[in-house]
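Below is one structure; the comments refer to it alone.
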Amino acid sequence: MSGTAMRASQKDFENAMNQVKLLKKDPGNEVKLKLYALYKQATEGSCTMPKPGVFDLVNKAKWDAWNALGSLPKETARQNYVELVSSLTSASQPSSQVEPGADRKPSAYETLEVTSEDGITKIMFNRPTKKNAITTQMYHEIMLALKAAGKDDSSVTVLTGNGDYYSSGNDLTNFTDLPPGGPEEKAKNSAILLRDFIDCFIDFPKPLIAVVNGPAVGISVTTLGLCDAVYATDRATFHTPFSHLGQSPEGCSSYTFPKIMGPSKATEMLIFGKKLTAREACAQGLVTEVFPDSTFQKEVWTRLKAYAKLPPNAMRISKEIMRSREKEKLRAINVEECNVLQERWLSDECMNAVMNFLSRKAKL
Ligand SMILES: CCCCCC/C=C/C(=O)SCCNC(=O)CCNC(=O)[C@H](O)C(C)(C)COP(=O)(O)OP(=O)(O)OC[C@H]1O[C@@H](n2cnc3c(N)ncnc32)[C@H](O)[C@@H]1OP(=O)(O)O
């Protein structure tokens, strides 16, 4: 939902709770879990309950769903709940009662614009004035959008950015919002969020294409290694300044980058923070193809529309074959990288780098 759209009131929330009870069609377990999680988050805030045991399957599934919302603000959870219920009630209406344009429901997201057309679900990062830096809320919204796109009836999913940047990576103000447990708790929560976020890329079931419309920094670069194709404007640059920030690689890049470009080129990017042009990134295999900025959008979307007409099940199965041998390995690498980062975030090197950026002493 855009920043200017109306927020759901407590009354809207209560109406939505009543509407859920009146749903004619069972929305299925997945949606019920999402509703449960959003309800708990909206009413109680972040999940602080102890995790149920592995054999307590139902409560564990509920706990997982709630816990996955991390620190999503209560108001956003309330809004997302109302919008989810609204989408369920409008989907269960007979088509003759649906007003023209009623399928164009307001977006369920504040930091993204998500659209579905011509067999393509487009997830657009939508904080152009902040160079599409990824806030905690935005991580959650991207996860929700990816999970929904993985199940919708589109054939391919596209990630792109609004404005002049693809994304400037992690929003460094994320580090300033400390929970009661201080930096240690913050680092622990962030590591869990990062692990879950990257798992969504590892497990994404359809072709996932990045349309890199401008410079990309940090995690918006590393996740490209988990996409299935990367199309870039010749204006894009690719920068992973982890050492400069006192941090270490994430997004499985410690594995995917050496595999894609060889260890020494990966070292230049991941350890020395060398910024690549789009053409350099293409020569090294991180980018699939580079287009002149003047024709970028037209050429890329024409191509994607043609790809989206291919048989969706064949594409899904082919991706599964290509990814299946790697999945367990990628998950393990993700956990390892998150553990290392959890410690890095508490280091003086990292804290100083973040403070320098926030106090405007340093930019990349
Ligand atoms: C759950 C946690 C998981 C963490 C995973 C680990 C992830 C690691 C990374 O992603 S590391 C990379 C982090 N990103 C950066 O260090 C980039 C920082 N930004 C910059 O250096 C510059 O802003 C720039 C080079 C991207 C763009 O410079 P310029 O063209 O001069 O624009 P501005 O600096 O004026 O930016 C406009 C506006 O946006 C704000 N902003 C931009 N990027 C970020 C960011 N990453 N975090 C926070 N804020 C950002 C910038 O402050 C300006 O805001 P203002 O208008 O001043 O309010």
- Query: Before we move on, is LYS151 surrounded by fewer than 23 Cβ atoms within 10 Å (Cβ to Cβ), on the phi > 0 side of the Ramachandran plot and of a type in the set (Lys, Arg)?
  - Reply: no
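Could we say that THR233 is within 14 Å of the ligand (Cβ to nearest atom) and of a type in the set (Ser, Thr, Tyr) here?
Values: within 14 Å of the ligand (Cβ to nearest atom): no; of a type in the set (Ser, Thr, Tyr): yes.
In short, no.
Can you tell me which of LEU172, LEU178, LEU194 is in contact with a Leu (Cβ under 8 Å, 6 or more places away or on another chain) and either farther than 24 Å from PHE357 by Cβ or surrounded by fewer than 18 Cβ atoms within 10 Å (Cβ to Cβ) (or both)? Write out each step before concluding.
Details: LEU178 fails: in contact with a Leu (Cβ under 8 Å, 6 or more places away or on another chain); LEU194 fails: either farther than 24 Å from PHE357 by Cβ or surrounded by fewer than 18 Cβ atoms within 10 Å (Cβ to Cβ) (or both).
Within the list LEU172, LEU178, LEU194, the selection yields LEU172.
Conditions tested, residue by residue: (1) in contact with a Ser or Thr (Cβ under 6 Å, 6 or more places away or on another chain); (2) modelled with pLDDT under 75; (3) under 21 Å from LYS151 (Cα atoms).
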position: LYS25; (1), (2), (3): yes, no, yes
position: ALA42; (1), (2), (3): no, no, no
position: MET49; (1), (2), (3): no, no, no
position: VAL54; (1), (2), (3): no, yes, no
position: ALA65; (1), (2), (3): no, no, yes
position: GLY70; (1), (2), (3): no, no, no
- Message: Which condition from (1) near the ligand (Cβ under 10 Å from one of its atoms); (2) crowded, with 18+ Cβ neighbours inside 10 Å; (3) of a type in the set (Val, Ile, Thr) is the one that ILE209 breaks?
- Response: (1)
- Query: If only one of ARG279, ARG344, ARG316 is closer than 25 Å to GLU184 by Cβ, surrounded by 13 or more Cβ atoms within 10 Å (Cβ to Cβ) and either acidic (Asp, Glu) or in contact (Cβ under 8 Å) with a residue 12 or more places away in the chain (or both), which one is it?
  - Reply: ARG344
- Name the residues in the stretch 334-363 that are of a type in the set (D, E, K, R), part of a helix (DSSP H, G or I) and more than 10 Å from the ligand (Cβ to nearest atom), would you? GLU336, GLU343, ASP348, GLU349
- Within the stretch 121-163, residues hydroxyl-bearing (Ser, Thr, Tyr) and more than 15 Å from the ligand (Cβ to nearest atom) come out as THR121, SER154, SER155, THR157, THR160
- What is the number of the single condition among (1) among the aromatic types (Phe, Trp, Tyr); (2) at pLDDT below 90; (3) surrounded by 14 or more Cβ atoms within 10 Å (Cβ to Cβ) that TYR109 does not meet? (2)
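Is it true that LYS327 is part of a helix (DSSP H, G or I), of a type in the set (D, E, K, R), surrounded by fewer than 16 Cβ atoms within 10 Å (Cβ to Cβ) and in contact (Cβ under 8 Å) with a residue 60 or more places away in the chain? Talk me through it step by step, then tell me what you get.
Numbers: part of a helix (DSSP H, G or I): yes; of a type in the set (D, E, K, R): yes; surrounded by fewer than 16 Cβ atoms within 10 Å (Cβ to Cβ): yes; in contact (Cβ under 8 Å) with a residue 60 or more places away in the chain: yes.
It is true that LYS327 is part of a helix (DSSP H, G or I), of a type in the set (D, E, K, R), surrounded by fewer than 16 Cβ atoms within 10 Å (Cβ to Cβ) and in contact (Cβ under 8 Å) with a residue 60 or more places away in the chain.
In this structure, is VAL158 buried (at least 23 other Cβ atoms within 10 Å of the Cβ) and either of a type in the set (A, V, I, L, M) or at pLDDT 95 or above (or both)?
On the way: buried (at least 23 other Cβ atoms within 10 Å of the Cβ): yes; either of a type in the set (A, V, I, L, M) or at pLDDT 95 or above (or both): yes.
Judged against the criteria, VAL158 is a match.
The values are calculated or read from the model by the stated rules, or taken from the named source; none is laboratory data. Keep in mind the model is a prediction, meaning the values are calculated, not measured. Cβ sites come from the backbone with ideal geometry, for glycine too, and all protein chains shown count toward neighbours.
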